[in-house]
């Protein structure tokens, strides 16, 4: 295996008018390495190494990915490369974060239920006002009220004195008071098992897809932001600057090291919640 020359310096070994890709290629050839060997050491596809040497930034995706891959390549070759100057020289436009659209919506059955409830309240209030008005102002009040008969009873029809009541010998039934149980009912608690939670401690580019390959979310997220998805909502995850992202899957903290290549982490979530590496 070829060893890199620790004293190699980009500006001293190549011309200042060379592009960043040319400087990387010449430094690699000077170290006696092939593209495949570089790709193996950096754990990235050989096509990405070729794109870096050809200054083909458009084939590499977002600027944050290009910056990380250039730095990793230059660090491997011990090449003093101004990555920011390379990106400015290539006029790579920064990727603006896409506008986040809320997918929250009210189900149709809920809207119908709310409308029916409003109508029922309106009908009840109308009846509560109309019935008393009709009762006190209706035509039935114009009828002649029947004469009131005297409730006095003649002396000869007065009721006789009641006979003495003998005490009853029926057994007395004692009722046992019913004591209500004070034990509260237990209700199922949604502990969020199966959820995918992403917490960003630094700037990171994310690409999330569902099981059908449709994009769930894609964009550049800043430090302090957090994303939470229900189980089965996300099937494929790609994270740039993965070291700045804390991932929790199915209630367990996820170590991104086994799924990372350079600064990018890729993994998939199966239907049972397990995490597997994503194929290139």
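Each reported figure results from applying straightforward, stated rules to the coordinates on display, with no laboratory input. Bear in mind that the values here come from a model prediction, so they are computed numbers and not experimental data. Quick reminder, even Gly has a Cβ in these numbers, built from the backbone with ideal geometry, and neighbours come from all protein chains shown.
Some notes on this structure:
- Estimated from the Cβ-Cβ distance and a Förster radius of 30 angstrom, the FRET efficiency linking residue 201 and residue 36 is about 0.30.
- Sorting 114-120, 33-39, 235-241, 73-79 by their mean Cβ neighbour count within 10 Å, with the most densely packed peptide first, gives 235-241, 73-79, 33-39, 114-120.
- Placing R0 at 51 angstrom, the Cβ-Cβ distance between residue 243 and residue 130 gives a FRET efficiency of 0.10 after rounding to 0.05.
- Cα gyration tensor shape for segment 10-89, rounded if a/c is under 1.5, else prolate or oblate: oblate
- Among 268, 43, the ranking by other beta carbons within 10 Å of each residue's beta carbon, starting with the fewest, stands as 43, 268.
- FRET efficiency for residue 231 and residue 120, using Cβ-Cβ distance with R0 set to 30 Å, rounded to 0.05: 0.20
- Global form of segment 219-280, assessed from the alpha-carbon gyration tensor, a/c cut-off 1.5: oblate
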